Amino acid sequence: MISEIIQASAISSTIKEIALKVLGATRITPDEGILLYREADTSLLALLADQVRKRMVGDYVFYNRNVHIEPTNICVYDCKFCSYSHHQSKESWELSIAEMVKTVVKLGDDITEVHIVGAVHPGRDIYYYADLVRRVHQARPTLHIKAYTAIEIEYMAQRSELSFEQGLQLLKDAGLNSLPGGGAEIFDDTIREQICGKKSSTEAWIEIHETAHKLDIPTNATILYGHIEQFEHRIHHMDLLRQLQDRTGGFNAYIPLKFKNKNNEMSYVEEVSLIEDLRNYAVSRIYLDNIAHLKAYWPMIGKEMAALSLAFGVDDLDGTINDSTKIYSLAGAGDQNPSLSSDEIRQFILKAGRTPAERDSVYNIISEG
Ligand code: V47
Ligand code: SF4
């Protein structure tokens, strides 16, 4: 039915051909992905992304109950888009292990996951971070621990003279369950050089995630978009992820992170429009035909935009985060005090005509409706 409408429509024959491929569940090429970004109508992108989303996860919109802990903002790197590290922000902090354990213990059964991501502290090695994981795990043995971006893992492993595999195994043995997707930024050496020159390379990020998948540690993947990159870079980024997913199947979710321009060295770069955000969700959903979930990180884009994103391929809204994430609030994100109760998030999903599903960290459904 939809294919017939597209066949009969006035859109260009090239876009029509790509649309029919997507509807027929045929993988699109990088060039076709770029054409979608450049030429496809926003309404067509929404329609195609919605079909892919339905095929992959049905009508569910997932959320979980989690807390984000940011152990420190003292960083050996100085990424130009960062508003959060001690180089940019007026304050600097270092939480102690006891303080972080106290946070998860205090939240008790209100959360099923802790997400621990911070800056790359020069004084902390992998044994410190394994100790943090071990003590959180001891205090809350059933809590899922999603911790440390590939950037943190690279630094802590190298500092402790361990291979990535040895480092990840050590963290897994301490109780680490999965890795978040941060630090990917954009997989292009020239752009990387300009926005985060000193930190881990594309190759290191990919190698760390591939190694994690081989050790049965699932991970997420992000992209930082909407700064100085071109559509070609976004597609190349997703293409590397799609290839890695073909090899391992270890990615749970893809999370596009929109560049926010407050209080950082790239404040001169204008933020992209909300329409561009929606188009980007849609092309991501269409291109990444092998990563099950597309996550809109609502504390960054705000609740209204998150609701809209559900019509552009998004099926996951992350968590009922407490007032705990500074990465975006310092960069000017819409929601300065990000918190939604489970009930609020459910109402929000129902209003969008979809089925709320509380999930665990690997997308088993805990409750629905
Ligand atoms: O890698 C930093 C981004 C990321 C800015 O895996 C910025 O579930 C926009 O990885 N504008 C870290 N983005 C956060 C992250 C994450 C977030 C939510 C869920 C998950 C997950 C992972 O934050 C960094 C960087 O790309 N970031 N500064 C900024 N000005
Ligand atoms: Fe450090 Fe991360 Fe900020 Fe880069 S983005 S300066 S690695 S805290």
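Tabulated data for the structure shown
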| quantity | calculated |
| --- | --- |
| The chain: relative contact order as a whole-number percent, Cα under 8 Å and 6+ apart | 22 |
| Whole-Å semi-axes of segment 195-304's equivalent ellipsoid (Cα gyration tensor) | 24, 17, 13 |
| Long-range amide H partners of residue 144 with built H, under 5 Å | 113, 114 |
| Over segment 2-52: Kirkwood hydrodynamic radius from C-alpha pairwise inverse distances, Å | 10.8 |
| Geometric extent, Cα atoms of the chain - Rg, Dmax (angstrom) | 19.9, 64 |
| Candidate residues 205, 93: accessible-area rank, largest first, probe 1.4 Å | 93, 205 |
| In degrees, nearest ten, helix 274-287 long axis to first principal axis of the chain (Cα) | 90 |
| For the chain, share of DSSP beta bridges that run antiparallel, in % to the nearest 5 | 15 |
| Gain on full stretching of the segment that runs from residue 210 to residue 263 - 0.36 nm per residue minus C-alpha separation | 15.7 nm |
| Virtual paramagnetic centre 7 Å along Cα→Cβ of residue 27, amide N under 20 Å, in segment 286-303 | 286-294 |
| Accessible area (Å², per residue) of the chain, counting only protein heavy atoms and a probe of 1.4 Å | 40 |
| Estimated vicinal HN-Hα couplings, Hz - segment 181-186 in sequence order (Karplus 6.51, -1.76, 1.60; Gly, Pro = x) | x, x, x, 6, 6, 9 |
| Nearest-ten-degree value, helix 97-107 long axis tilted from longest Cα axis of the chain | 60 |
| Isotropic mean projected area of the C-alpha convex hull, segment 1-155 (nm²) | 13.3 |
| C-alpha long axis of helix 150-159 to longest principal axis of the chain, angle in ° | 30 |
| Simple label model, 7 Å out from Cα along Cβ direction - residue 10 to residue 163, nm | 6.1 |
| Mean Cα-pair separation over length for segment 47-155, i.e. relative contact order, pairs under 8 Å, 6 or more apart, % | 31 |
| Distance violations [Cα-Cα > 29 Å] among 102/198; 16/260; 90/258 | 102/198; 16/260 |
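The values are calculated or read from the model by the stated rules, or taken from the named source; none is laboratory data. Here the structure is a predicted model, which means the values were calculated and not measured. Ideal geometry is used to build each Cβ from the backbone, glycine not excepted, and the neighbour counts take in all protein chains shown. In case anyone asks, the SASA skips ligands and DNA or RNA and just uses the protein heavy atoms, side chains included. Shrake-Rupley method; radii C 1.70, N 1.55, O 1.52, S 1.80 Å.
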